[in-house]
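Below is one structure; the comments refer to it alone.
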Amino acid sequence: MLKPRSLVIVHANDVMPTNADGVMAFRQNADLYHLTGIQQEETILMIATGLNAEPDHAEILFTRETSERIAIWEGEKLTKEAATAASGIRRVEWTGAFESHFHRLAPQCDHIYLLTNEHLRATTVVETRNDRFIRRCRERYPLHRYERLAPLMHRLRMIKGDEEIAMLRKACEITGSGFRRALGFVKPGVGEWEVEAEFLHEFVRKGSRGFAYLPIIASGGNACALHYIDNNRRCADGAMLLLDVGAEYAGWNADMTRTIPVNGRFTPRQRDVYNAVLRVLRAANERLRPGNTPSAYHKEVVAIMEEELVKLGLIDAGEAASQGPDKPLVAKYFMHGVSHHLGLDVHDVAPSNEPFAPGMVLTIEPGIYIREEDLGVRLENDVLIGADTNTDLMDHIPIEADEIEDLMNRG
Ligand code: GLY
Ligand code: MN
Ligand code: MN
């Protein structure tokens, strides 16, 4: 994918500060992790193509130098041998040697590929190590041709390999264990935060480092606030409880939503809304198929949702028929996307409106939010697109209303 006589430089993320001498848990740059498998801070990857000399400079991995002092305070960092074993990159140098290697190779190449965050919804004001390097690099080498690595990474990351699928399956499996545990725990009066703790306990004991994203544990009307993460109310008898919770595993993420009756029994109305959402999820799965595009797919699913909303008496069939093509009536009850790519990022990267293709993993997450009834139902599964059929990576996680009731009412 690279032009001849190119140099690619990818930096790790920073260790992010909190206050005083505090830091957040380290989160590796997803592209660097995809390319190297290295989770350590201060790592740099350099790839050179088409340079005449120095064939052993085609790939160099730079990792943070270990020392006796670092070993005592922070534990072992990667040795060069361990970095090679993890990454498959034979040549490993300490990060301190990066500048001299870079300044030796840069004059031999024409193109320099650097990494920007080009996720469509990225809004961060924080400058990354890659951003800072872009500034320094352009100052020092103003006449090189600069290239965007991001579109190439989006293309590489949108199709999952067998190892990635195995990691995603594991994240889904752990998420399912958490959900089964929650089903045995939820009853009227428990705190949303207590349900969160049940998930976390199960995730961590199964080998996950924790939540893939801030969990949404939303009872009653809280479920209608799409990004509710306070998780600080008690679950009321008769309410539904929306659980949008996923485990991470080795950097890969699961993204699940289930909505369950707090007291273990759906009311007829809750069951009707629930089954409507479940039908939309299944119909969407039929359309999340190779060749369809995300924009056409979204329209198809919105049309199916509209039929369900009419059947539920939420929108009038006549008004629905006479509205514009954007179907604004549906948006009152279903106002978010149906699917997103899933991988090293929960909202994973992919080229804009790229047609679906085998090897992609996406969520399917329809929902119906009825504020006037304090009722929000969303269901979300993670699906691997195949050539002949899709594989539901969450088919082992209970989703039928009857099965949910059975599991909640066991001894
Ligand atoms: N949990 C985030 C999402 O469903 O997209
Ligand atoms: Mn999702
Ligand atoms: Mn979700």
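For the stretch 254-311 versus the stretch 113-162, the inter-centroid distance based on Cα atoms is 36 Å. Placing one equal scatterer on every Cα of the stretch 115-201 and applying the Debye formula, the log10 ratio I(q)/I(0) at q = 0.18, 0.21, 0.23, 0.24 Å⁻¹ is -0.92, -1.01, -1.07, -1.11. For the Cα trace of the chain, dividing Rg by the Kirkwood Rh returns an Rg/Rh value of 1.03.
Net charge around Phe62, counting only other residues with Cβ within less than 13 Å of its Cβ (Lys, Arg = +1; Asp, Glu = -1)?
That works out to -1.
For the peptides 293-300, 174-181, 304-311, the ranking by mean Cβ contacts within 10 Å, running from highest to lowest, is 174-181, 304-311, 293-300.
Remark: relative contact order (the chain) = 14 percent; criterion is Cα-Cα distance under 8 angstrom and separation of 6 or more residues. Listed here are the pairs Lys170/Lys299; Lys170/Lys206; Lys299/Lys327; Lys299/Lys332; which of them are more than 20 Å apart at the Cα? Lys170/Lys299, as the Cα separations exceed 20 Å there. Counting only Cα atoms, the stretch 170-303 measures 44, 41, 22 Å along its principal axes, largest extent leading.
Size descriptors for the stretch 58-189 (Cα atoms only): Rg and Dmax, in that order, 21.0, 69 Å. Semi-axes of the equivalent ellipsoid for the stretch 255-301, computed as √(5λ) from the eigenvalues of its C-alpha gyration tensor and ordered from largest down, come to 28, 11, 7 Å. Each Lys and Arg Cβ is given +1 and each Asp and Glu Cβ -1; about its Cα centre, the stretch 6-134 then shows a dipole of about 140 debye. Sparse packing (at most 14 other Cβ atoms within 10 Å of the Cβ) combined with a DSSP loop state is found for the following chymotrypsin sites (Phe, Trp or Tyr not before Pro) in the stretch 1-79: Phe26.
The slack between Glu118 and Glu81, meaning 0.36 nm per residue of separation minus the straight C-alpha distance, is 10.0 nm. Computed over the stretch 4-78, the P(r) curve from all C-alpha pair distances, binned at 10 Å from the origin, holds 17, 38, 31, 11, 3 percent per bin. Think of it as helices only: each DSSP H run of n ≥ 4 in the chain is worth -39500 (n - 2.57), and spread over all residues that comes to -10500 deg cm²/dmol at 222 nm.
For the chain, the membrane-span-like helices by this rule, meaning whole DSSP H stretches whose C-alpha atoms cover at least 24 Å of axis and whose Kyte-Doolittle mean is -0.5 or above, are 162-183, 294-311; this says nothing about an actual membrane.
Just so you know, all these numbers are worked out from the coordinates, no wet-lab data involved. In this text the structure is predicted, and so the values were computed from the model without any measurement. Counting neighbours? That spans all protein chains shown, and the Cβs are built from the backbone with ideal geometry, glycine included.
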